[in-house]
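Step one of this worksheet: look at the structure below.
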Amino acid sequence: MITMGAEAVIEVEGLVKRYGDLVAVNGISFEVYRGEILGLLGPNGAGKTTTVECIEGLRIPDAGEIEVLGMKAGPTSYAIKARLGIQLQGTAFLPHLTVEETLKLFAALYPKSVPVGELLELVALREKRRSRVKDLSGGQRQRLAVATALVNDPEILILDEPTSGLDPQARRSLWDLISSLRERGKTVLLTTHYMEEAEHLCDRVLILDHGEIIALGSPEELISRHSEGIPIELHLGGDGERPDLSVLPGVRKAVWEDGTAVLYSDSPVETIRAVSALAEEGKIALQDLVMRRVSLEDVYLVLTGRRIRE
Ligand code: ATP
């Protein structure tokens, strides 16, 4: 839990990064506190990778200041790199090396490194140590990528979409691994476009949209701050007409996305009764109705009117 006065190990102030005319990151400021897992959440192209690559010193910002562990970040900030573990998006490995050989290769890059056996244990790859990288499953490969980021025993880990493309089981096993790193006192900054991941894994979530921060806080805070009631999803057929459903009893807000309407209601029973009446009168072509738990998905939907596509 983050308390007032927690130590900021990453400080980003007014970060701007452009690619030609495109403003990928538009003046964002935030801090990452020691010992937390902070998730940068946003759709493809929101600016997540650009932000973490500026922190890593791999990209040079057009404006703004970044400090990591009290030192100015940049391409030549070797004192930072020694204390940072980085997993890039889609880490490329040499396919014919074994898991053990890969870790030894990474370890050789640092004056001091964690013993390979310890890393294998930590990421649950001991049994696979003699397997070639090309024969690993997607989840095992990602665990190897995390192991390579841990080789120098860093204080801070930056993981760019660590679970992208994995099946739910492999994703959960990676969540357990990342949580165990927090228990070992590591600070983790990760990017994700999976709502469920941000909600389950992160102490705080920073939602990025078009290079700007649209929300920052713990998942619970964000949900209670931005939720507008219980979400009821209506899947509608018909000719794409969008009747004004915000006037139905109990509804505080109605958001449309293609053929789906999400009604946020204070009084779901009343709202559902009214929706059923509309369907019976033939005023809407209701195909399906789902009442669900309020989640970060709703925070994003309420703030942007869109969903993060997975
Ligand atoms: P993803 O989940 O797809 O990686 P992201 O949130 O990490 O998305 P970025 O990769 O930071 O987003 O990209 C932000 C914007 O900048 C996108 O519109 C992207 O196309 C653009 N962009 C990123 N890198 C470059 C580059 N080297 N040259 C030009 N445009 C770029």
Search result, residues across region 95-112 that are within 22 Å of Leu174 (Cα to Cα) and assigned to a loop (DSSP other than H, G, I, E, B): Pro95
Pairs with Cβ under 6 Å, 6+ apart, first in region 92-109 and in contact (Cβ under 8 Å) with a residue 24 or more places away in the chain and more than 9 Å from Arg132 (Cβ to Cβ), second of a type outside the set (A, V, I, L, M, F, W, C) and part of a loop (DSSP other than H, G, I, E, B): Glu100/Arg129; Ala107/Ser113
Boolean, Ala274 is at pLDDT 90 or above, under 18 Å from Lys253 (Cβ atoms), part of a helix (DSSP H, G or I) and outside the structural domain of Gly45 (by TED's automatic domain parsing): yes
Residue count for region 24-80, restricted to those that are part of a loop (DSSP other than H, G, I, E, B) and over 30 Å from Asp298 (Cβ atoms): 15
Any hit, region 161-176, residues being assigned by TED's automatic domain parsing to the domain that holds Glu56, surrounded by fewer than 20 Cβ atoms within 10 Å (Cβ to Cβ), within 24 Å of Lys48 (Cα to Cα) and more than 19 Å from the chain's Cα centre (by Cα): no
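Quick grid of which residues meet (1) in contact (Cβ under 8 Å) with a residue 12 or more places away in the chain; (2) within 15 Å of the ligand (Cβ to nearest atom):
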{"residue": "Val9", "(1), (2)": "yes, no"}
{"residue": "Gly35", "(1), (2)": "yes, no"}
{"residue": "Leu41", "(1), (2)": "yes, yes"}
{"residue": "Met71", "(1), (2)": "no, no"}
Subset of region 126-155 [part of a helix (DSSP H, G or I) and in contact with a Ser or Thr (Cβ under 9 Å, 6 or more places away or on another chain)]: Lys128, Val133, Gly139, Gln140, Arg141, Gln142, Arg143, Leu144, Ala145, Ala147, Thr148, Ala149
Glu220 more than 16 Å from the ligand (Cβ to nearest atom), acidic (Asp, Glu) and under 30 Å from Ile55 (Cα atoms): yes
Which numbered condition Pro219 fails, given (1) surrounded by 15 or more Cβ atoms within 10 Å (Cβ to Cβ); (2) modelled with pLDDT of 95 or more; (3) out of contact with any His (no Cβ under 9 Å at 6 or more places or on another chain): (3)
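The values are calculated or read from the model by the stated rules, or taken from the named source; none is laboratory data. Small disclaimer: the values here were computed from a predicted structure and weren't measured. Virtual Cβ from ideal backbone geometry, glycine too; neighbours counted across all protein chains shown.
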